[in-house]
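One structure is given below, encoded as structure tokens.
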């Protein structure tokens, strides 16, 4: 891979990864029923809305969840994967393999979003436990649907919340069972 290929990979990973992050955050925040009037949510919607509107014409939503953003994320992942493979000097594989890599890349990206959101949430709970910063409240709203089932199952520990440990364990189990056995090349797929 020459200098042009390296620059192409860098641009696709950076710009494609940031745009894919915005699209997936839009989808995940809708699922979590996060505050729409949060300034960070507004910025995410503003960045992703032109492309999502195109897909919303023929991809219906269901119970308040806009699946057009998920379809857009999948298409962006497919394009980015194909570009990364091309810039790496390989030929693009068959459609089935490209679709599989893209689906696993999206799943891995979502797992990474939740992993890092949990890390930020845990650190913020020690540094600024009662902060009303819009980014921290958005992260709490994003991670709460993951932690709530574990909080209900675990007994009260006197102010100590062990639910993040079990969420991390569940995220790692999902990654180990679904993504690792597929043998997806991490340099070719965004999100891994």
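Below are the figures for this structure:
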read-out: Selection status of residue 59, at pLDDT 90 or above and out of contact with any strand residue (DSSP E or B) (no Cβ under 9 Å at 6 or more places or on another chain); value: no
read-out: Residues (without any contact (Cβ under 8 Å) to a residue 40 or more places away in the chain, more than 20 Å from the chain's Cα centre (by Cα) and in a helix (DSSP H, G or I)) located in segment 87-122; value: 95, 96, 97
read-out: Residue under evaluation residue 65, criteria (1) surrounded by fewer than 17 Cβ atoms within 10 Å (Cβ to Cβ); (2) under 16 Å from residue 24 (Cβ atoms); (3) touching a residue at least 60 places away in the same chain (Cβ under 8 Å), criterion not met; value: (3)
read-out: Matching residues in segment 26-49 - criterion: being buried (at least 16 other Cβ atoms within 10 Å of the Cβ) and part of a loop (DSSP other than H, G, I, E, B); value: 32, 34, 38
read-out: Residue check for residue 79: buried (at least 18 other Cβ atoms within 10 Å of the Cβ) and either modelled with pLDDT of 90 or more or part of a helix (DSSP H, G or I) (or both); value: no
read-out: Breaking point among (1) within 27 Å of residue 135 (Cβ to Cβ); (2) modelled with pLDDT under 90; (3) crowded, with 18+ Cβ neighbours inside 10 Å, for residue 87; value: (1)
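Yes/no per residue for (1) in a helix (DSSP H, G or I); (2) crowded, with 16+ Cβ neighbours inside 10 Å; (3) without any contact (Cβ under 8 Å) to a residue 40 or more places away in the chain:
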residue	(1), (2), (3)
130	no, no, yes
158	no, no, yes
167	yes, yes, no
173	yes, no, yes
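The values are calculated or read from the model by the stated rules, or taken from the named source; none is laboratory data. Since the structure is predicted, the reported quantities are computational estimates derived from the model, not experimental observations. Because the Cβ atoms are built from the backbone with ideal geometry, glycine has one as well, and the counts that use them run over all protein chains shown.
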